[in-house]
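Taken together, the values in this text are just the output of simple stated rules run on the coordinates, not laboratory data. Predicted model, so just to flag it, every value in this text is computed and none were measured. Reconstructed Cβ throughout: ideal geometry from the backbone, glycine too, with neighbour counts over all protein chains shown.
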Amino acid sequence: MNDTILNPHYAELAESYLFSTIARKIAEYRSAHPGAEIIKLGIGDVTTPLVPAVIDAMHRAVDEMGERSTFRGYGPEQGYEFLREAVARGEYAPRSVEISPDEVFISDGSKCDVANFQELFSASVRVAVPDPVYPVYLDSNLMAGRKVEFLPALAENGFQVELPKSPVDVIYLCSPNNPTGTVLTRETLEKFVNYALKNGSVILFDAAYSAYIRDEKLVHSIYEIPGARECAVEFRSFSKTAGFTGVRCAVTVVPKELETLRKMWLRRQSTKFNGVSYVVQRAAEAVYSETGWAQIKSVIDGYMANAAAIRAGLAQCGYTVYGGEHAPYIWWKLPGEEKSFDFFDRLLKSCEVVGTPGSGFGACGEGYFRLTAFGEAAATRRALERIAARLK
Ligand code: PLP
């Protein structure tokens with residue numbers, strides 16, 4: 001093959017995806033220490049099984065698929081109406097946000113939606129992403145050959161993302177944030193919405209962790225901000241809300257005020273995507289039943305108890321920590337000048353605990369380390385005991 005036929009922009013990406021690098025380091029450690037009992041507080045994957053209401057709905061849907069009269073083939077690319085209605089009713093109506101089912105798109109994950117949405121913009125648009133942040137926004141734009149501006153989110157300003165210094169057309173925001181576990185305030189979001197309205201920009205708002213917000217007064221959806229319907233697209237996922245990381249289901253909302261974009265996303269999805277399975281959509285619908293929601297809340301409470309234990313445990317050891325109050329991530333400030341990838345190795349060797357180096361999420365993440373609250377409670381507490389006893 002002639003290499004000149006390849007997309008040259010892939011060469012601009014960091015050598016390998018962050019979590020592949022971490023997986024390789026763990027595998028190397030394991031092969032050198034076969035008896036190691038490694039506790040993983042690294043990758044943001046859930047550990048609690050699906051709740052009974054979801055399992056029951058799945059079983060019923062599987063039975064339907066086994067009967068000629070209720071069997072379903074291809075579904076609508078935008079998602080079944082029953083789920084789009086349930087999302088509008090269950091996710092938005094309780095916060096007095098009016099979203100119509102026509103504005104809701106069901107997909108098999110937020111990762112692909114946030115990565116694919118940039119296809120709708122011209123190659124020359126100016127893009128801004130927070131730093132640090134979920135790496136998919138950056139990499140998907142680099143793959144498309146775009147230059148990206150970084151918007152620092154620093155401890156000094158409470159991890160509130162700063163407005164772009166030069167004009168940008170597309171802005172990614174993520175709140176509650178992965179990796180800092182902090183939330184954007186209403187004032188910050190108003191600032192961004194006003195900026196977007198003034199400059200004709202679009203905000204791509206990732207609310208994958210909104211179910212973890214403990215304070216009802218905090219903003220859960222960008223559409224709680226006046227004017228957001230004219231400038232913002234929102235992404236939500238059942239992955240962290242309901243343990244669907246292995247089941248795969250997510251939501252993208254494109255409001256009718258952005259009608260051209262809404263039609264383009266429908267066109268894009270109809271061409272390149274063939275819908276989420278009926279069984280999975282029935283499972284997702286069950287999340288919004290009274291029983292389903294109560295069961296899910298109790299799973300999230302369990303993760304948030306882990307988050308509180310991590311915060312308290314590290315603080316007791318004298319460390320500074322951020323996040324973890326409205327998100328399943330704790331952002332650990334490393335003392336001194338140690339690089340976060342060096343700390344990864346030190347933590348693995350001294351405590352056999354795995355986290356994620358902050359620099360993997362952007363230059364402003366250097367000097368920080370992300371721990372997740374998704375581990376099992378007992379393992380999380382064991383990890384903290386080891387950190388208190390062995391990390392020097
Ligand atoms: N958005 C953020 C901020 C995430 O952290 C993640 C997963 O970790 C996703 C999106 C991806 O979610 P999904 O499992 O729906 O693809």
Which value does Rg/Rh take for the stretch 254-392 over its C-alpha atoms, Rh per Kirkwood? 1.13
How large is Rg over Rh for the chain, taking Rg from the Cα atoms and Rh as the Kirkwood inverse mean of 1/r across Cα pairs? 0.97
Report ³J(HN,Hα) in whole Hz for each residue of the stretch 345-351, in order, from the Karplus equation J = 6.51 cos²θ - 1.76 cosθ + 1.60 where θ = phi - 60°; Gly and Pro get x. 5, 5, 5, 5, 5, 7, 10
Cα-derived Rg over Rh, computed across the stretch 223-263 with Rh taken as Kirkwood radius: 1.11
Cα-Cα over 27 Å, subset of Lys256/Lys297; Lys191/Lys339; Lys111/Lys256: Lys256/Lys297; Lys191/Lys339
Packing-based order for 209-216, 323-330, using average beta carbon neighbours within 10 Å, highest first: 323-330, 209-216
For the stretch 55-288, what is the percent of antiparallel DSSP beta bridges, rounded to the nearest 5? 35 percent
May I ask you to evaluate 6.51 cos²θ - 1.76 cosθ + 1.60, the Karplus curve with θ = phi - 60°, for each residue of the stretch 145-161 and list the ³J(HN,Hα) values in order in whole Hz, giving x for glycine and proline? x, 8, 8, 10, 9, 9, 10, x, 10, 10, 4, 4, 10, x, 6, 7, 5
Rounded to the nearest 5, the percent of DSSP beta bridges in the chain running antiparallel is 50 percent
By a straight-distance test (C-alpha under 16 Å), which aspartates and glutamates pair with Lys165 as possible cross-link partners, with residues fewer than eight away in the same chain excluded? Asp131, Glu149
